[in-house]
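J.: Mind looking over this structure? Questions follow.
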DNA sequence: TTGCGATGTATCATTGCGATACATGGGATC
DNA sequence: GATCCCATGTATCGCAATGATACATCGCAA
């Protein structure tokens, strides 16, 4: 188990953590946060919600008629199903959001995990960012060598496409590096200044969790 | 019909256009050209090949035992199925590669079309590049407004993620613009110098084809 | 009062992917 | 000269995600 459905579950938990809402709005919010082309389909959302209901992570919020205190009264809202987090759901969220294994930095999941960095420790954040960075660097190596190997033998357009792709990934690596540095500056104001650049030193403090 | 399977079909046709090969190599080549994380699975490739055989676009190349003239003789190759293009396949390739409709600049297809730009006219290339650019600019607009609307109300990490995404797309737009300019410089050495920056002037010469 | 677009819930067929099974060739290593 | 391992090679199957679609109500403008 624990396919990539985890990231959808995390997104739903995270959004309901902020405020109860119904499926339609969840779809929009999740779509927004995993942004750029990817849209969340109802065919994925509703089965997921059903599953989460069965698991007791979320519950239907029957009394939900409040007027949002702002100007417009917004009466109405009949028959809609509003979901809210349960205690189990909060616990599950805490577990998922602090995971640092591959599932946290795989392409499809990284964005969601990043979006909820606000609910994590700097420790966790750094682990995830470094995981993603080394994943990207692996790809870089592979492509750079294959590019060098095939140079002069391929079409100019193919070359241009690969070059552009390469630069995009390099750019993301730089971005990650900046974020990591920034996190470290906050996390460890000053200690022995040791902590080598990568390759986890593995003193592993706190309630670590790189399951999976 | 005409789903996004078109892009896989185009890729296969394009690669077989260069040289006959068997499925295993096709998978590697296609994976390489749609690059960056996406891999072509056998579960997609073989059904596609079967379909294309049925449609008469490709055929099994039985006499394929040639020694590649280079040093290493490379004897062997028993029982392997080598595919080659048929006349219909070449025709189909010409059709697909010169298409300028949405299917040519949609996320999943653009890369493949770009990879075979060498087999198109400058006219076609410009149309596809402009199509993709305006598609990206639409997204940019949408996200920029939603970003402005939610500013100050969202998490710093969410903001940072959106900012990075925004910059990536802006960067791709710039890249496309450079390519378009470069194509135009080659295509139209000098005329009336009119041709406004975007919003197709629609004089639409030559055998246009924006089907779909 | 009619009509349309946004909101809202729900399901289904298709399809694409990951995993896997199976088979062989070419080198290493001993 | 046998053994092991990895790259090459063909093929299928279960599962999950997607895109499409159906259906219903609400607010609002013409």
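The values are calculated or read from the model by the stated rules, or taken from the named source; none is laboratory data. Here the structure is a predicted model, which means the values were calculated and not measured. For neighbour counting, all protein chains shown are included, and Cβ atoms are generated from backbone atoms with ideal geometry for every residue, glycine included.
J.: Taking residue B:47 as meeting all but one of (1) over 21 Å from the mean Cα position of the chain (by Cα); (2) assigned to a helix (DSSP H, G or I), write down the number of the exception.
T.: Here residue B:47 clears every test but (1).
J.: Only residues that are over 9 Å from the mean Cα position of the chain (by Cα) and either without any contact (Cβ under 8 Å) to a residue 24 or more places away in the chain or away from chain B (no Cβ under 12 Å) (or both): list them for region A:108-120, please.
T.: Answer for region A:108-120, where residues must be over 9 Å from the mean Cα position of the chain (by Cα) and either without any contact (Cβ under 8 Å) to a residue 24 or more places away in the chain or away from chain B (no Cβ under 12 Å) (or both): A:118, A:120.
J.: Condition test on residue A:170, is it more than 9 Å from chain B (Cβ to nearest Cβ) and more than 30 Å from residue B:180 (Cβ to Cβ)?
T.: no
J.: For region B:1-29, enumerate the residues that are farther than 12 Å from residue B:116 by Cβ, more than 11 Å from DNA strand D (Cβ to nearest atom), within 13 Å of chain A (Cβ to nearest Cβ) and assigned to a helix (DSSP H, G or I).
T.: Listed by number, the list is empty, since nothing qualifies.
J.: Output the residues belonging to region A:30-43 that are part of a helix (DSSP H, G or I), more than 8 Å from DNA strand C (Cβ to nearest atom) and away from chain B (no Cβ under 12 Å).
T.: Filtering region A:30-43 down to residues part of a helix (DSSP H, G or I) leaves A:30-33, A:42-43.
Among the residues that remain, those that are also more than 8 Å from DNA strand C (Cβ to nearest atom) are: A:30-33.
Hit for region A:30-43 is A:30, nothing else.
Residues are listed down the side, and each one gets a yes or a no for (1) in contact with a helix residue (DSSP H, G or I) (Cβ under 7 Å, 6 or more places away or on another chain); (2) more than 19 Å from residue B:28 (Cβ to Cβ); (3) modelled with pLDDT of 75 or more; (4) more than 13 Å from every other protein chain (Cβ to nearest Cβ):
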| site | (1), (2), (3), (4) |
| --- | --- |
| A:145 | no, no, yes, no |
| A:158 | yes, no, yes, no |
| A:162 | yes, no, yes, no |
| A:185 | no, yes, yes, yes |
| A:189 | no, yes, no, yes |
| A:203 | no, yes, no, yes |
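J.: I would also like to ask the following. Could you tell me whether residue B:63 is within 16 Å of DNA strand D (Cβ to nearest atom), more than 24 Å from residue A:165 (Cα to Cα) and modelled with pLDDT under 90?
T.: Yes; evaluated as a whole, the condition is true for this residue.
J.: Those residues that are part of a helix (DSSP H, G or I) and under 19 Å from residue A:154 (Cα atoms), I need them from region B:109-121; list them, please.
T.: Correct list: B:110, B:111, B:112, B:113, B:114, B:115, B:117, B:118, B:119.
J.: Pairs under 6 Å by beta carbon, first residue over 22 Å from residue A:162 (Cα atoms) in region B:35-50, partner more than 8 Å from DNA strand D (Cβ to nearest atom), six or more apart or different chains?
T.: B:48/B:8
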